[in-house]
Structures are given as C-alpha cells and as structure tokens.
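Data first, discussion second: the structure below is written as structure tokens.
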Amino acid sequence: MGRQYRNLLAWQKADALLMKIYETTRQFPRDEIYGMTSQLRRAGLSVPTNIAEGMGRRTNKDKAHFLTLAEGSLNEVEYLLDVSHRLGYIKKEDYATQTNALNETARILHGLTRKLQDTPTPSLRAEAETPILAASS
C-alpha cells in the first residue's frame, strides 16, 4: 500500500496546519479541553485524513468526494479559529499566521478537487479487454 498522498502539496499543507493547530491549542484554557480544543483538533485532523483516504480510492469521483469533505473540515477549522481568536485564546499574530496557512491550504485543495472532478478516471474496460497471457510451462 503506497503513501502517495504524502507527495501532494495539499496534504503537506494540511498536515502543517494540523501541527500548528495542536501547538496553538496546547495554550487554550484547561476547561476547553473537551470543548474548543477537542473540536478544533478533530476538525484539523479531518483535513489531511480525508485527503489521505481519498487518494486511496480508485475513481477520481471518489477521490474528489473525500477532498470535498476535507474542504468542509477546513471551513470548520476556519470558524473555530475565528471563535477562538474572539474569545482571546489565540493571539492576533498567531491567528493571522494560521488564517494565512488555512487559506493557502484551501486554495491548493480546491484546485486539486476541481482537477479530479474535471478528469474522468481511465476506463477499466480497456484493461478487461486485454487478454491475459498465460505463463508458459
């Protein structure tokens, strides 16, 4: 089983964003451990996870579906970062850095999703019609 998803810039950016989220949420109030901290980490984790799962699918339609789920999770992360900033859990500079990283990730991910949606999966029919040569004894 390959790990081809690791070569995707979208996955690399999503993974880097996740690391920033974990670093930032370590400083959240302890009483948010089961609230904002947990929710933001789960949403952040969902982005690279859905990219990885999608790249393991056979058809471009299935791949694009999982990338769309990752885009939805990015929207959730964006909102949670905003709320965390308004609550004073994230400093202005850190918020700006994370928002920039999120926007870059979203731009790259959206481009990859569109590319997969616009590119049909190569037909398996051609492979099925190719005779399989028996090994000679």
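The values are calculated or read from the model by the stated rules, or taken from the named source; none is laboratory data. Please read these numbers as outputs of a predicted model, since none were measured by experiment. A quick note on method: Cβ atoms are made from the backbone with ideal geometry, for glycine too, and the neighbour counts reach across all protein chains shown.
Numerical summary
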item: Those residues of region 26-57 which are farther than 19 Å from residue 71 by Cα, surrounded by 17 or more Cβ atoms within 10 Å (Cβ to Cβ) and free of Cβ contacts under 8 Å to residues at least 40 places away in the same chain, in sequence order; result: 37
item: All positions within region 58-91 that are charged (D, E, K, R), loosely packed, with under 14 Cβ neighbours inside 10 Å and either part of a loop (DSSP other than H, G, I, E, B) or at pLDDT 95 or above (or both); result: 58, 82, 86, 91
item: Residues that are among the polar types (S, T, N, Q) and closer than 19 Å to residue 104 by Cβ, drawn from region 59-88; result: 68, 73, 75
item: Pair list, Cβ under 8 Å, 6 or more apart: region 1-20 residue under 14 Å from residue 104 (Cβ atoms) and modelled with pLDDT of 95 or more, other residue surrounded by fewer than 20 Cβ atoms within 10 Å (Cβ to Cβ) and of a type in the set (S, T, N, Q); result: 20/97
item: Filter result (at pLDDT 50 or above and either polar (S, T, N, Q) or closer than 17 Å to residue 75 by Cα (or both)) within region 115-134; result: 117, 119, 121, 123
item: Residues located in region 12-27, provided they are closer than 16 Å to residue 42 by Cα and part of a helix (DSSP H, G or I); result: 14, 15, 16, 17, 18, 19, 20, 21, 22, 23, 24, 25
item: Within region 40-57, tally of residues that are outside any helix (DSSP H, G or I) and of a type in the set (Lys, Arg); result: 1
